[in-house]
Amino acid sequence: MGASLLPLGALLFALSALTLMPELTSAAITRHYKFDVLSHNVTRLCHTKSIFTVNGQFPGPKIIAREGDRVVVKVVNHVQHNVTFHWHGIRQLQSGWADGPAYVTQCPIQKGQTYVYNFTIIGQRGTLFWHAHISWLRATLYGPIVILPKRHVPYPFAKPYKEVPIIFGEWFNADTEAVIAQALQTGAGPNVSDAYTINGLPGPLYNCSAGDTFELSVKPGKTYLLRFINAALNDELFFSIANHTLTVVEVDAIYVKPFNTDTILITPGQTTNVLLHTKPYVPTATFLMMARPYVTGLGTFDNSTTAGILKYHHPNSSLSSDTHKMPLLKPSLPPLNDTSFAANFSQKLRSLANAQFPANVPQTVNKHFFFTVGLGANPCPKNQTCQGPNGTKFSASINNVSFIMPTTALLQAHFFGQSNGVYTADFPNQPLIPFNYTGTSPNNTFVNNGTKVVVLPFNASIELVLQDTSILGAESHPLHLHGFNFFVVGQGFGNYDPNKDPSRFNLVDPIERNTVGVLSGGWVAIRFLADNPGVWFMHCHLEVHTSWGLKMAWVVMDGKLPNQKLPPPPSDLPKC
Ligand code: C2O
């Protein structure tokens, strides 16, 4: 967008200003936003319901900034429900108080209260997103974060003609807070969504939805940068556009070695930038873009497809071609459970790893961790009947610890030395009882429950192997780490072999990201440097799994130097 929309005069002025005042044009600035959390009636699929919005917008407003800018978001909560916001993928270097997960870095913002999130975007550019981070409120409280490169720093690919954020979501006709409350009560899997959405719109493949269709109107012979975000609650998504190839250039705000693909796979919590080169002529067809889930679990899921329309218009006319008479082409998407697509797609993602954008993957490791991730069960309370597996309650865990949310924020407890009774620092480095993680399930599927963390010294170099379990069925888990990017150094199927697998690790150009899919029935190995003091949440970004306890936290201690310490909290930090 930007310069192409400016009149020539403004452009010339901007250019001369650049030569005369370089110090002004390169300075980082502060971007101010105000988020009023409101209730609004919204209609989709002929069903009207009250949803939470930011400023009455759904999806919520776009945050746009440049690398190096400070972002200040003043949140005012006008609704009954407690709320917090998370700036998903922002490193939050020494600004952990602004990270946002409820009861981890802050107490929630209660009705009538205000909290100002204040952070600087350091060393990142690309697409991320923001979302509410309490219970299932992110079902409707989400929006894009676009981080442009510093002024006069080009993309490492041809400048796109236009940039378009495309954010996937999940629409429930029911109240999502009631959906998860009921599931946690009965122990069963939650009711599934009624539609997937593209920029809030389900599209024409659903009943009573044709009017709610996202349309991307393009000119021939141009390059568009599509900024994809998966903000869905519980589903990984395949996406494709009929008769068009996509060039992947960035994921999770990290540039990648470009590669072409017909289909992308994007898990909740991931972002993917692609270049779309439009056809050189105006074609006599319109093209559907479609997204539907990639599913590996055993439970029920929303087996529906969201669609938008790509249509061409003539470059020299404001009229679109008469699309009604033209054939509408549909893309073909992989089978719903195509795990080999998932494995191959993630293999293709490589960091640029050049002088300008190096891959600073830790070459040596100070601490090794091996975490199993997967589902399990909790016993049914006496005098209740439960609807989970064999009359139990569904649960989920890491190293068989199902995380119990504290009632005060972990970061405050840590910072003020009041962790007693809030959390314990005995999160296991590896499973207490090893078993065949991807084999037939053990007889005992029960989890332990607790608020356990791992404490790391400042600047420790960490290797973490995340191993899927098949206890209640193998399943892909998109694991998200707050406060860091990590390097995905290896992945494989079956059980991780500490003797053989490390020799095949990629320590040269592994992808760097904040959310990675642990292969269904397999494992993934990541490395990161614990250079950010604070308390950092790690969890499956399938919200139902987070609700069931597939989450934990890392406590990273201060370093010795002043710039290696977490500053004290802002004075408006909410209280529990
Ligand atoms: Cu996008 Cu902890 O989340």
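Every test in (1) open to solvent by less than 10 Å² (accessible area, probe 1.4 Å); (2) more than 10 Å from the ligand (Cβ to nearest atom); (3) touching a Leu at 6+ places or on another chain (Cβ under 9 Å) is passed by TRP130 save one, and that test is (2). Does region 515-523 contain at least one residue that is of a type outside the set (S, T, N, Q) and surrounded by fewer than 23 Cβ atoms within 10 Å (Cβ to Cβ)? Within region 515-523, one or more residues are of a type outside the set (S, T, N, Q) and surrounded by fewer than 23 Cβ atoms within 10 Å (Cβ to Cβ). For region 117-127, how many residues are open to solvent by less than 10 Å² (accessible area, probe 1.4 Å), of a type in the set (Val, Ile, Thr) and away from the ligand (no atom under 15 Å from the Cβ)? Within region 117-127, residues that are open to solvent by less than 10 Å² (accessible area, probe 1.4 Å), of a type in the set (Val, Ile, Thr) and away from the ligand (no atom under 15 Å from the Cβ) number 1. Name the one entry in ALA530, ALA553 that is crowded, with 22+ Cβ neighbours inside 10 Å and more than 16 Å from the ligand (Cβ to nearest atom). Answer to the check: ALA530.
Against the list (1) within 16 Å of the ligand (Cβ to nearest atom); (2) in contact with a Lys or Arg (Cβ under 7 Å, 6 or more places away or on another chain), the condition ARG138 fails is (2).
Please work out which residue is most open to solvent (accessible area, probe 1.4 Å), limiting yourself to region 171-213 and to residues that are outside any loop (DSSP other than H, G, I, E, B) and touching a helix residue (DSSP H, G or I) at 6+ places or on another chain (Cβ under 7 Å). Going through the qualifying residues, I end up with LEU184. Looking across region 73-108 at every residue that is in a strand (DSSP E or B) and more than 14 Å from the ligand (Cβ to nearest atom), the one that is most open to solvent (accessible area, probe 1.4 Å) is identified as LYS74.
The set of residues in region 265-309 being of a type in the set (Phe, Trp, Tyr) and not in a loop (DSSP other than H, G, I, E, B) consists of PHE287, TYR294. Close contacts from region 87-103, counting a first residue that is under 16 Å from ASN563 (Cβ atoms) and a second that is near the ligand (Cβ under 9 Å from one of its atoms), with Cβ to Cβ under 8 Å and a gap of 6+ residues or different chains, come to GLN92/ASP99; GLN92/HIS482. One residue alone among PHE357, PHE370, PHE345 is more than 29 Å from ASP235 (Cα to Cα), open to solvent by less than 40 Å² (accessible area, probe 1.4 Å) and either basic (Lys, Arg) or out of contact with any His (no Cβ under 7 Å at 6 or more places or on another chain) (or both), and that residue is PHE357. Restricting attention to region 230-257, the residues that are of a type in the set (A, V, I, L, M, F, W, C) and within 14 Å of the ligand (Cβ to nearest atom) total 4.
One line per residue, one yes/no per condition, for (1) within 16 Å of the ligand (Cβ to nearest atom); (2) modelled with pLDDT of 95 or more; (3) under 14 Å from ALA132 (Cα atoms):
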position: GLY2; (1), (2), (3): no, no, no
position: GLY9; (1), (2), (3): no, no, no
position: ILE29; (1), (2), (3): no, yes, no
position: LEU38; (1), (2), (3): no, yes, yes
position: ILE64; (1), (2), (3): no, yes, no
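Taken as a whole, region 454-476 holds no residue that is within 30 Å of ALA413 (Cβ to Cβ), within 16 Å of the ligand (Cβ to nearest atom) and touching an Asp or Glu at 6+ places or on another chain (Cβ under 9 Å). Can you tell me which residue within region 485-514, out of those that are of a type in the set (S, T, N, Q) and open to solvent by 10 Å² or more (accessible area, probe 1.4 Å), is nearest to the ligand (Cβ to nearest atom)? Selected residue: ASN485. Only a single item in (1) away from the ligand (no atom under 14 Å from the Cβ); (2) surrounded by 21 or more Cβ atoms within 10 Å (Cβ to Cβ); (3) among the polar types (S, T, N, Q) is not met by GLN57, and it is number (2).
Residues checked against (1) touching a strand residue (DSSP E or B) at 6+ places or on another chain (Cβ under 6 Å); (2) in contact (Cβ under 8 Å) with a residue 24 or more places away in the chain; (3) of a type in the set (A, V, I, L, M); (4) outside any strand (DSSP E or B):
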{"position": "HIS414", "(1), (2), (3), (4)": "yes, yes, no, yes"}
{"position": "GLY421", "(1), (2), (3), (4)": "no, no, no, yes"}
{"position": "PHE427", "(1), (2), (3), (4)": "yes, yes, no, yes"}
{"position": "GLN430", "(1), (2), (3), (4)": "yes, yes, no, yes"}
{"position": "GLY439", "(1), (2), (3), (4)": "no, yes, no, yes"}
{"position": "ASN443", "(1), (2), (3), (4)": "no, no, no, yes"}
{"position": "VAL453", "(1), (2), (3), (4)": "yes, yes, yes, no"}
{"position": "GLY473", "(1), (2), (3), (4)": "no, yes, no, yes"}
{"position": "PRO478", "(1), (2), (3), (4)": "yes, yes, no, no"}
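Take ASN260 and tell me if it is outside any strand (DSSP E or B), modelled with pLDDT of 95 or more and away from the ligand (no atom under 16 Å from the Cβ). No: the conditions fail for ASN260. The single residue among PHE238, PHE301, PHE287, PHE259 that is touching a residue at least 60 places away in the same chain (Cβ under 8 Å) and crowded, with 22+ Cβ neighbours inside 10 Å turns out to be PHE238. Take ALA377 and tell me if it is under 23 Å from the mean Cα position of the chain (by Cα) and either open to solvent by less than 20 Å² (accessible area, probe 1.4 Å) or under 21 Å from PHE484 (Cα atoms) (or both). No, not satisfied. Taking VAL465, is it in contact with a helix residue (DSSP H, G or I) (Cβ under 7 Å, 6 or more places away or on another chain) and either of a type in the set (Val, Ile, Thr) or in a loop (DSSP other than H, G, I, E, B) (or both)? The answer is no for VAL465.
Of the residues examined, GLY143 is one that is part of a strand (DSSP E or B), within 24 Å of HIS482 (Cβ to Cβ) and within 19 Å of the chain's Cα centre (by Cα).
Just one residue in the set GLY492, GLY483, GLY517 is under 30 Å from LEU137 (Cα atoms), of a type in the set (Gly, Ala, Ser) and in a strand (DSSP E or B); that residue is GLY517.
The values are calculated or read from the model by the stated rules, or taken from the named source; none is laboratory data. Not measured: the values here are computed from a predicted model. Note: ideal-geometry Cβ built from the backbone for every residue, glycine included; neighbour counts use all protein chains shown. The protein model used for the area step is the full one, side chains on, heavy atoms only, and it has no ligands, DNA or RNA in it. Shrake-Rupley method; radii C 1.70, N 1.55, O 1.52, S 1.80 Å.
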